[in-house]
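Step one of this worksheet: look at the structure below.
Please treat every number below as a calculation from the coordinates, not as lab data. Source: prediction; values computed, not measured. Cβ coordinates were reconstructed from backbone atoms using ideal geometry, including for glycine residues, and neighbour counts include every protein chain displayed.
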Amino acid sequence: MFFTVFCIKGSCRNNEQKAWGVADSISKVITEPTFRDKVYNIADFGAVANGKSLCTTAINTAIDQCSREGGGRVLITHGVFLTGAIHLKSNVELHIDSSAVLKFSTDPNDYLPVVRTRWEGDDCYNYSPLIYADGQVNIAVTGNGTLDGQASTEDWWPWKGGAGNGWIKGTPSQLDRNCRPQLKKYNDMQVPVEKRQLGKGFYLRPQFISFINCKNIKLEGFTVKKSPFWVLHPLMSENVVIRNVTANSEGPNNDGCDPESCKNVLIENCTFNTGDDCIALKSGRDYDGRRANAPIENVIIRNCFMRKGHGGVSMGSEISGGCRNIFIENCQMSSPELDRAILIKTNNSRGGITDGVYVRNVVVGEVKDAILSINCSYHISTEGEGKFVPQIKNVYLRNITSSKSTFAIWLDGIKGEQCVDNINLENCTFTGVKQTNQIKNTGKVTLKNVLINGEIQNSIEH
């Protein structure tokens, strides 16, 4: 992929001002896909809108013909259509009409053969995502219709294993095959990805929409619900626009949007009500992330609404390839089931450099934990100590308000390592805060015109 590099230099305040100019430059270089004015109605290829007849072949045949003939729109028209895995091809817009529902089978066999992907940051071959593309250019999923993954406690979600989510002792789950330890072993030993064949019998749930190694992507307008796993997952891709999408999926690990190792990403006017992070920016786990050396960078998130979730906007935890030039503005976040507003999470096994996070004009109603949380020991108790010390630096929050939280600021670096540095909050007002700030093992943390429960806190803490 071709990556444009934006450099930000100068004093702290100048850095922040220049950074938002860089955000404008990023938005201008993002290339949205365009399509030939030709419609391919899936009904003409044999799709039946009864919600019972499997339309996978009809939909994919329409996509193949559309791409082969130069592209255009593949139309999911009025009615309810049942399908298995859909594979998008270059120059194809999959359009779900406002009166259409695209329902996805809960039979795992409808997502075979396995395809190349990443599963929580580990490279592997697994069940096909419900909508998938690999190495394609100019692709889109649009329209005001509904994508229904039909996942529930009776099919996909129990595969997580453990308490809850419908899992019952004696039924299969990813725990049966020790999938997470197996993936870590593959990663640590750098087993060739082609030999990491999972899928049937491994119980790793597929993502809903995932595009890998693609360029010029648009996801716009639709509502997506009941995902087996992560909802939107652009991976190793460039020029990604996600606009006016509603993600309403509260299952286990149901992150709303996980751009991973992508460049030039715009997420705007979206609503997230999810079972995990609303938006999580990622760049691979451990050696897989470091080997690819593809950061998540040049990301603009604006005018979004975050409800239930682990974090409103999170960076990590699989962020070994790095994270830079992240811009978040004019968002609203509030729910008694939203844990944190801005969260950066990693550990010294995952490492990675997070450099340049800029947040402004965000209104937080209620979160359970903290407005800003940085955790450099995330899951360290289960993964063990490593030798890849993460770095988190140049984080700026300006004009942030909140009404209820346990903490305003919760920062924890690594003892003896200055891995968290140059954290800045200015012109912020936090009310309804239950406990004092927790700031440990950090470098410079600057508070300017920060009001917490009515008390001004103009301090610099180390």
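Quick notes on this structure:
- Residue that is farthest from I212 (Cα to Cα), among those in region 268-318 that are over 14 Å from the mean Cα position of the chain (by Cα) and among the acidic types (D, E): D286
- Selection of first residues in region 366-393 that are in contact (Cβ under 8 Å) with a residue 24 or more places away in the chain and of second residues that are of a type in the set (K, R) and in a strand (DSSP E or B), restricted to Cβ pairs under 6 Å at least 6 apart or on distinct chains, gives the following pairs, ordered by first then second residue: E366/K404; V367/R340; D369/R340; A370/R340; S373/R340; N375/K345; Y378/K345.
- Subset of region 21-79 [basic (K, R) and in a helix (DSSP H, G or I)]: K28, R68
- On the stretch given as region 189-211, residues that are more than 28 Å from G256 (Cβ to Cβ) and among the aliphatic types (A, V, I, L, M) total 2.
- Note on region 366-391: among residues that are among the acidic types (D, E) and not in a strand (DSSP E or B), the one that is surrounded by the fewest Cβ atoms within 10 Å (Cβ to Cβ) is E385.
- Residues located in region 403-413, provided they are assigned to a strand (DSSP E or B), surrounded by 16 or more Cβ atoms within 10 Å (Cβ to Cβ) and either in contact with a Ser or Thr (Cβ under 7 Å, 6 or more places away or on another chain) or among the aromatic types (F, W, Y) (or both): F407, W410, L411, D412
- Here is the figure for region 102-120: residues that are part of a loop (DSSP other than H, G, I, E, B), in contact with a helix residue (DSSP H, G or I) (Cβ under 9 Å, 6 or more places away or on another chain) and either of a type in the set (D, E, K, R) or within 21 Å of D258 (Cβ to Cβ) (or both) total 1.
- Restricting region 250-263 to residues that are in contact (Cβ under 8 Å) with a residue 60 or more places away in the chain and crowded, with 24+ Cβ neighbours inside 10 Å, the residue that is farthest from F211 (Cα to Cα): G251
- Within region 337-365, tally of residues that are among the polar types (S, T, N, Q) and either buried (at least 23 other Cβ atoms within 10 Å of the Cβ) or without any contact (Cβ under 8 Å) to a residue 40 or more places away in the chain (or both): 4
- Any chance P206 is of a type outside the set (D, E, K, R), in a loop (DSSP other than H, G, I, E, B) and touching a residue at least 60 places away in the same chain (Cβ under 8 Å): yes
- In region 414-462, the residues that are of a type in the set (D, E, K, R), buried (at least 16 other Cβ atoms within 10 Å of the Cβ) and either under 28 Å from P336 (Cβ atoms) or under 28 Å from the mean Cα position of the chain (by Cα) (or both): D421, E426
- Residue in region 277-286 that is assigned to a helix (DSSP H, G or I) and either over 21 Å from T117 (Cα atoms) or touching a residue at least 24 places away in the same chain (Cβ under 8 Å) (or both) present: yes
- Here the condition is being assigned to a strand (DSSP E or B) and on the phi > 0 side of the Ramachandran plot; of N273, N239, it holds for N239 alone.
- Condition met for S173 (free of Cβ contacts under 8 Å to residues at least 60 places away in the same chain, under 20 Å from T106 (Cβ atoms) and small (G, A, S)): yes
- Some residue of region 159-173 being part of a helix (DSSP H, G or I) and farther than 25 Å from T346 by Cβ: yes
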